[in-house]
1. Can you give me the relative contact order of the stretch 1-147 as a percent, contacts being Cα pairs under 8 Å and 6 or more apart?
2. Probe of 1.4 angstrom, ligands and nucleic acids ignored: what's the accessible area per residue over the chain, in square angstrom?
3. Which FRET efficiency, nearest 0.05, do Leu112 and Ser44 yield, Cβ-Cβ r, R0 22 Å?
4. Computed over the Cα atoms of the stretch 1-76, what is the convex hull's projected area averaged over all directions, in nm²?
5. Expressed as a whole percentage, what fraction of the accessible surface of the stretch 70-172 belongs to carbon and sulfur atoms when a 1.4 Å probe is rolled over the protein heavy atoms?
6. Going highest first, how would you order 53-64, 153-164, 1-12 by mean Cβ packing within 10 Å?
7. For the chain, how big is Rg over Rh, using alpha carbon atoms and the Kirkwood form of Rh?
Amino acid sequence: MLIFLVGFMGSGKTTLGRPLATRLNYDFIDLDRAIETGEGRTISEIFATDGEAHFRALERKYLEEVIAQHKKAVISTGGGTPCFNENMPFMNAHGVTVYLKIAPRMLANRLLAAKVRRPLVEGKSPEELLRYIEETLTERETYYGQANVVVGNPSRDVSQLLMILEPYLSNN
């Protein structure tokens, strides 16, 4: 079974995905890292050199490859992955999608404290960042809301996620 974690950047997709995969004895794939490894460049470099449209095409390509190569995996997607190239219906057709839904202010606090550079939010003031998150979440909610499972303010302990996923796991 494939489990796709979706949500805004900073929602905990990788933070929860790794221990979830370990507990399930599944592979863990961070889609952004797969793209960076495959392309030999960072996401920031791809955005800066080739633009977002090119990055989104690469994202779909690598999503297809990951699905073709793995039967049991937890896949941490990029924040925008569900919103482009019919990726959300594609992921729903190949596994269970889990939307990690976090309040905008909490996301802003996490992103401001993060050590990882994020090209879409770099250089924004705290107020600009919060406004960007609120606006972008409004646009993306249509896609995120198509997830099989919505988990509001997920605990950092994967036990909650495992309980929520149990019906899906027992059917496989």
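The values are calculated or read from the model by the stated rules, or taken from the named source; none is laboratory data. Only a predicted model underlies this, so the values are computations on that prediction, with no experimental measurement involved. Every residue, glycine among them, receives a Cβ derived from its backbone with ideal geometry; neighbour counts consider all protein chains shown. Just so you know, the surface numbers come from the protein's heavy atoms only, side chains and all, with ligands and any DNA or RNA stripped out. Shrake-Rupley method; radii C 1.70, N 1.55, O 1.52, S 1.80 Å.
1. 38 percent.
2. Using a 1.4 Å probe on heavy atoms only, each residue of the chain averages 50 Å².
3. 0.80
4. Across all orientations, the stretch 1-76 yields a mean hull projection of 4.9 nm².
5. The C+S portion of the solvent-accessible surface of the stretch 70-172 is 52 percent.
6. Averaged packing, sorted descending, gives the order 1-12, 53-64, 153-164.
7. My calculation of the ratio gives 0.94.
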